[in-house]
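Down below is the structure, laid out as structure tokens.
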Amino acid sequence: MVSSTVLGVLVSGRGSNLQAILDAIREGKINAKIGVVISDKKDAFALQRVKGLGIATEVIERKDFATKRQFEEALVNTLCEHNVELVVLAGFMRLLGSDFISAYPGKIMNIHPALLPSFPGLNAQKQAIEYGVKMSGCTVHFVDEGMDSGPIILQQAVPVASSDTAETLAARILEVEHVLYPRAISLYCKGRLTLNGRQVVITDENVK
Ligand code: GRF
């Protein structure tokens with residue numbers, strides 16, 4: 001039995017992706033355990049989701065640090081204390097700087113609610129509606145220093161209807177996020193993701 005990968009999950013809000021990851025671990029779909037959940041918002045609902053599960057939680061708020069660098073140093077120190085091997089951004093609403101990223105090279109994942117490189121940044125679903133695309137979706141990618149610009153791991157498309165609002169589209173995309181993110185994390189934990197330049201090569205791509 002291969003030992004399970006230790007995840008550190010960073011959140012800022014409601015944590016439905018965190019929930020999907022917790023469920024997938026419980027169901028044996030991901031060979032991982034969550035070492036720590038870190039929130040940059042003390043009242044994030046995501047923190048409630050791990051209550052009673054014996055998972056460490058930490059609140060690390062930007063306002064408590066003079067500089068972004070010190071804030072990120074605190075994040076990295078906490079991840080290290082919990083022996084985190086893969087950092088999972090799950091609705092973490094901050095752009096990470098180079099110090100953080102170089103502490104976990106190729107070991108930080110994010111999920112974005114659009115088909116990158118279209119519609120990076122905030123309000124991706126609203127951007128998609130306003131542009132008038134007929135398909136949008138979600139993307140799991142490795143994190144680099146840019147805004148949603150790192151190597152793409154998995155994507156899934158979702159249709160956009162003329163009657164959609166940003167909210168209805170977001171709900172349709174979110175359902176897919178909850179399947180795609182655990183799948184990408186599972187591939188990572190099985191050692192099936194390799195970087196070749198910008199391309200993420202998936203070993204045995206057609207095997208689930
Ligand atoms: C999701 O739409 C995700 O794609 C984006 O932030 C949102 C987080 O939602 N990065 P939740 O906190 O996981 O429910």
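Overview of results
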{"quantity": "³J(HN,Hα) computed for each position of region 185-195 - Karplus, 6.51 cos²θ - 1.76 cosθ + 1.60, integer Hz, glycine/proline x", "calculated": "5, 4, 4, 4, 5, 8, x, 9, 10, 10, 8"}
{"quantity": "MRE, 222 nm, helices only [DSSP H, n ≥ 4, -39500 (n - 2.57), over the chain, to nearest 500]", "calculated": "-10000 deg cm²/dmol"}
{"quantity": "Over the chain, relative contact order from alpha-carbon pairs under 8 Å, at least 6 apart, %", "calculated": "20"}
{"quantity": "Global form of the chain, assessed from the alpha-carbon gyration tensor, a/c cut-off 1.5", "calculated": "rounded"}
{"quantity": "Volume per residue of the C-alpha convex hull in region 111-208, rounded to whole Å³", "calculated": "95"}
{"quantity": "Net charge, Leu169 excluded, C-beta distance under 14 Å - Lys, Arg +1, Asp, Glu -1", "calculated": "-2"}
{"quantity": "Among Lys42, Lys63, Lys29: highest mean-square fluctuation, GNM of the chain, C-alpha pairs under 10 Å", "calculated": "Lys63"}
{"quantity": "Too-long pairs where the Cα-Cα distance tops 25 Å, listed order kept, from Lys68/Lys190; Lys126/Lys190; Lys33/Lys107; Lys51/Lys208; Lys29/Lys68; Lys41/Lys68", "calculated": "Lys68/Lys190; Lys126/Lys190; Lys51/Lys208; Lys29/Lys68"}
{"quantity": "Difference of contour (0.36 nm per residue) and Cα-Cα distance, Glu175 to Asn123", "calculated": "17.0 nm"}
{"quantity": "DSSP beta bridge pairing in the chain, given as percent antiparallel to the nearest 5", "calculated": "45"}
{"quantity": "Euclidean distance between Cα centres, region 100-127 to region 131-208, Å", "calculated": "9"}
{"quantity": "Of Gly150, Gly91, Gly197, the one that fluctuates the most in a GNM where the chain has Cα springs shorter than 10 Å", "calculated": "Gly197"}
{"quantity": "FRET efficiency estimate (nearest 0.05) - Cβ-Cβ, Ala157 to Val2, R0 35 angstrom", "calculated": "0.65"}
{"quantity": "At 1.306 mPa s and 10 °C, Stokes diffusion of region 1-104 via Kirkwood alpha-carbon radius, µm² per second", "calculated": "114"}
{"quantity": "Whole-number percent relative contact order across region 92-157, with pairs defined as alpha carbons under 8 Å at least 6 apart", "calculated": "36"}
{"quantity": "For Thr5, residues with placed amide H under 5 Å, excluding near neighbours", "calculated": "Ala32, Lys33"}
{"quantity": "Rounded FRET efficiency, nearest 0.05, which uses the C-beta distance separating Arg14 from Lys63 and R0 of 22 Å", "calculated": "0.60"}
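Every read-out reported here was derived from the displayed coordinates using simple, explicitly stated rules and does not represent laboratory data. Here the structure is a predicted model, which means the values were calculated and not measured. Reconstructed Cβ throughout: ideal geometry from the backbone, glycine too, with neighbour counts over all protein chains shown.
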